[in-house]
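Here the structure is laid out as structure tokens; the discussion comes afterwards.
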Amino acid sequence: MPEFKGVSPYSQIPFQYSLHIEHEDGRLEHKEFLSLDGVDPREEISKRLVEDIPSNVTVLAYNMGFEKGVIRKLANLFEQYSHGLMAIHDNCKDLMIPFQNKDYYHPNMKGSYSIKYVLPSLVPEFENAYKELDLIHNGGEAMEAFANLSKIEDVKLKQRYRDSLLEYCKLDTLAMVKVLEKLKECVR
């Protein structure tokens, strides 16, 4: 049974994001959002995305179809954020494309263009980055952990899971920054 009103079974509910923002001067800024557990996060995440992402910038995602679908659904749900969300949607570019099209290939990718293969191939120092995280090592674990947060009564353990969710999501976007840096080096 869905946890929130107006949600069908197995609907994907966005509850978290991480942004690494590269400014014109090369400075990198990190912004993140993680919803409180037990609360429908969709309106707050919509509001925060529009606040955190200017409408005139390129937004890079890896396998952007998922992100664009979620943003489109949020835009349809919340008219007050629709314009800003659709600007984000329309400005999305997919960092996966050069790998999917085999414009860049490394034998360590083993025929895959999954970020889990691309990242260590381009940035070897990140080879064990996901394995070295505390409690969350992949997207499935992140979804499961967030779904169970409201059931955790131990305050310290709950905070450890929240910190781990933030750490995992931050690593995902930092990975894209590092991959983009390597691609830029290749074309210089």
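We did not get these values from a lab; they are worked out from the coordinates using the rules stated. A quick note: this is a predicted structure, and the numbers were derived from the prediction, not measured. Here the Cβ positions follow ideal geometry from the backbone for every residue, glycine too, while neighbour counts run over all protein chains shown.
Net charge around Ala142, counting only other residues with Cβ within less than 11 Å of its Cβ (Lys, Arg = +1; Asp, Glu = -1)?
For residues surrounding Ala142, the net value is -4.
Looking at this model, which pairs from Lys47/Lys116; Lys102/Lys131; Lys93/Lys184; Lys47/Lys182 are more than 21 angstrom apart at the alpha-carbon? Intermediate values should be presented prior to the final figure.
Numbers: Lys47/Lys116 30 Å; Lys102/Lys131 27 Å; Lys93/Lys184 15 Å; Lys47/Lys182 33 Å.
Distance filter (> 21 Å) returns Lys47/Lys116; Lys102/Lys131; Lys47/Lys182.
Out of Leu157, Leu36, Leu122, any idea which swings most in a Gaussian network model of the chain, alpha carbons joined below 10 Å?
Top of the fluctuation ranking is Leu157.
Rounded to the nearest 20 debye, what is the charge dipole size of the chain about its Cα centre when +1 sits on each Lys and Arg Cβ and -1 on each Asp and Glu Cβ? Present the calculation step by step, with values, prior to reporting the outcome.
Details: 24 positive and 30 negative charges, 87 e Å.
That gives a dipole near 420 debye.
Extension gain Val39-Lys170, at 0.36 nm per residue separation less the Cα-Cα distance, in nm? It would help to have the intermediate numbers written out before the result.
Details: separation 131, 0.36 × 131 = 47.16 nm, distance 2.20 nm.
Working it through step by step, the gained length comes to 45.0 nm.
Given contacts defined as C-alpha pairs under 8 Å and at least six residues apart, what's the relative contact order of region 13-83, whole-number percent? Could the numbers behind the result be given before it?
Details: 60 pairs, mean separation 18.0, N = 71.
Relative CO of region 13-83 lands at 25 percent.
What percent antiparallel are the DSSP beta bridges of the chain, to the nearest 5?
If I count the DSSP bridges inside the chain, around 70 percent turn out antiparallel.
What distance in nm lies between label points placed 7 Å from Cα along the C-beta direction at Asn138 and Ile97?
With each label placed 7 Å out from Cα toward Cβ, I get 2.8 nm.
Along region 91-103, what does the Karplus equation 6.51 cos²θ - 1.76 cosθ + 1.60 (θ = phi - 60°) give for ³J(HN,Hα), rounded to whole Hz, x for Gly and Pro?
9, 6, 10, 9, 5, 6, 3, x, 7, 4, 7, 6, 6
What ranking of Cys169, Cys92 emerges when the number of other C-beta atoms within 10 Å of each C-beta is taken as an exposure proxy, fewest first?
Cys92, Cys169
Assuming R0 = 25 Å, what is the FRET efficiency of Lys182 and His83, from their Cβ-Cβ distance, to the nearest 0.05?
0.10
Give, as ranges by residue number, the residues of region 45-82 whose backbone N falls under 13 Å from the point 7 Å along Cα→Cβ of Ser11.
70, 73-78
When Met109, Met143 are ordered from fewest to most other Cβ atoms inside 10 Å of their Cβ, what list results? It would help to have the intermediate numbers written out before the result.
Values: Met109 19, Met143 16.
Going from least to most buried by this count: Met143, Met109.
Quick one: in the chain, what % of C-alpha pairs are over 31 Å apart? Can you show the working numbers first?
Values: 3542 of 17578 pairs.
I get 20 percent for the Cα pairs in the chain exceeding 31 Å.
Per 10 Å bin, what is the whole-percent P(r) computed from every C-alpha pair distance within region 1-94?
Spelled out per bin, shortest first, that is 15, 49, 29, 6, 1.
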